[in-house]
Structures are given as structure tokens and as C-alpha cells.
Amino acid sequence: MSEHRPDPATEEEPEIIELVNDEGETLSFELLAVIEVEDALYAALTPVPEAGAPAPESVELHIFAYTEYPPEPDAPEGSWAVDPVEDEELEQRVFAEFQALLTAAIED
């Protein structure tokens, strides 16, 4: 589903999603990319700064497993979900792949 795989070169509005943490707080994230690593999909998310907060000096990146669901009558475009990646080594491999894609995009 291309609408969930933003292309920074063509995407006008960032895709913002809200997640609820273990303490019940709702946090907003920007979906930067959905990438495939080892035959599975992963979402690269970054927190959205609170209104009025200064821009961060660096980008905080979170990696989540990404699952797409087929279209249904109440969701004709399909739906998707993200879940935490529990395996730290896997998370590092996905992060490295995201960095490589970002570097390639910058160099082009």
C-alpha cells in the first residue's frame, strides 16, 4: 500500500500516527518509511515535537514491526499496525538498512 510508504521526495504532508505507551500516554510519531528486511516489513518512526518546542538537534528513531492487512468492507484501503521489535540485534539490522537507504537517497 503505497500510501503507507512515504517517499520524502514527493510526500507533502507527513503521515502522523499516535501510539499509546505502557503508561497510557498517547504519543505522536511521524512515519518516515516502511522498509523490508529479511522478508519482513518494519516502520521507521520519529517522535513529533510538541507544539512550541524547539527543534531537536538530532533525530530520534524508533523501529517497529509493520503488518499490513487486506481491504475489508469497513476499511477499503486496508489497514496496518505496528508492534515493538523485541530482538535488539534485529532492530540494529533494520536501523542499519534504514541508514543505508537514507544515505543512498541523500547521495542521489
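Along Cα→Cβ, 7 Å out, is where each label goes; now give me the distance between the ones at Glu60 and Glu30 in nm to one decimal.
1.5 nm
Roll a 1.4 angstrom probe over the protein heavy atoms and tell me the percent of accessible area of the chain that is carbon or sulfur.
In the chain, the share of accessible area belonging to carbon and sulfur is 50 percent.
Given only helices, namely DSSP H runs of n ≥ 4 each adding -39500 (n - 2.57), what is the per-residue ellipticity at 222 nm of the chain, to the nearest 500 deg cm²/dmol?
Calculated mean residue ellipticity at 222 nm is -6500 deg cm²/dmol.
Could you sort the peptides 20-27, 61-68, 45-52 by per-residue average Cβ neighbour count (10 Å cutoff), highest mean leading? Walk me through the intermediate numbers first.
On the way: 20-27: 7.8, 61-68: 17.9, 45-52: 12.4.
Descending packing order for the listed peptides: 61-68, 45-52, 20-27.
List residues of segment 16-48, by number, whose backbone nitrogen lies under 15 Å from a label position 7 Å along Cα→C-beta of Glu107.
none
Around Pro47, with a cut-off of 10 angstrom between Cβ atoms, what is the net charge of the other residues, counting Lys and Arg +1 and Asp and Glu -1?
-3
Provide the per residue accessible area, probe 1.4 Å, for the chain, rounded to a whole number of square angstrom.
72 Å²
Sorted from largest down, give the three principal axis spans of the alpha carbons of the chain, whole angstrom values.
43, 33, 32
Would you work out the relative contact order for the chain, in percent, from Cα pairs under 8 angstrom that are 6 or more residues apart?
16 percent
The values are calculated or read from the model by the stated rules, or taken from the named source; none is laboratory data. Keep in mind it's a predicted model, so treat the numbers as computed, not measured. Counting neighbours? That spans all protein chains shown, and the Cβs are built from the backbone with ideal geometry, glycine included. These area figures cover heavy atoms from the full protein model, side chains too; ligands, DNA and RNA do not enter into them. Shrake-Rupley method; radii C 1.70, N 1.55, O 1.52, S 1.80 Å.
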